[in-house]
Amino acid sequence: MYYLQSRWKQNGSTLIYYGMRKKPYLLQNQSKLTKRQTELISQLPLEADNPALVHLQTLIKQGIIVEEKDLRSFPSSIDEAIFCKKCAANDFMIPGIEFDENGLCPMCASSKRTEHLKSVLPLVEDIPVNLKGRFDVAVFYTGGKDSTFLLYYLAKVKNLRVLALT
Ligand SMILES: [Zn+2]
């Protein structure tokens, strides 16, 4: 049987990948589908001997449509997670993350290529006090060192009222 790989979602006649893909498809996170491909993907999973699979060959070659044995599994705990060989990215915290043949996550594998990219998100140096609400700022608190330090910094150093989201 052939399935749509995890992190891919069908949106009409487009397949969308949520996240960065591994090389050589790094920033190619959308795939436009033909009418026939759109129909077939709506019918997944398909039997391996289905002659219509010929229309999905380009997607099979890219690992977007895969056999059941190649579907990415989701570890049930951090102890079962596969970690990037260079950073803390893992498939428990980022389900379905792709690692390359060297065990690197897409960010580490593409660090040379992406070092000149600039963030499109606005950066704020000072967060103003919110006069109308109970909180000044919210933090996505994972319990890791980064978000724990951020929580401490915003609450104790900046004296902001922090809503910790867990
Ligand atoms: Zn990494």
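Summary of computed values
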| quantity | calculated |
| --- | --- |
| Criterion: in contact with a Cys (Cβ under 7 Å, 6 or more places away or on another chain) and touching a residue at least 60 places away in the same chain (Cβ under 8 Å) - qualifying residue of ILE64, ILE97 | ILE97 |
| Every residue from the range 65-97 that is of a type in the set (Phe, Trp, Tyr) and either at pLDDT 95 or above or away from the ligand (no atom under 15 Å from the Cβ) (or both) | PHE74, PHE83 |
| Every residue from the range 118-142 that is under 20 Å from the mean Cα position of the chain (by Cα) and not hydrophobic (A, V, I, L, M, F, W, C) | LYS118, SER119, TYR141, THR142 |
| Candidates SER73, SER31 - the one that is among the polar types (S, T, N, Q) and assigned to a loop (DSSP other than H, G, I, E, B) | SER73 |
| Positions within the range 52-92 being surrounded by fewer than 14 Cβ atoms within 10 Å (Cβ to Cβ) and of a type in the set (A, V, I, L, M, F, W, C), in sequence order | ALA52, VAL54, PHE74, ILE78, CYS87, ALA88 |
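The values are calculated or read from the model by the stated rules, or taken from the named source; none is laboratory data. Computed from a predicted structure; not experimentally measured. When we count neighbours, we look across all protein chains shown, and the Cβ atoms used for this are built from the backbone with ideal geometry, even at glycine.
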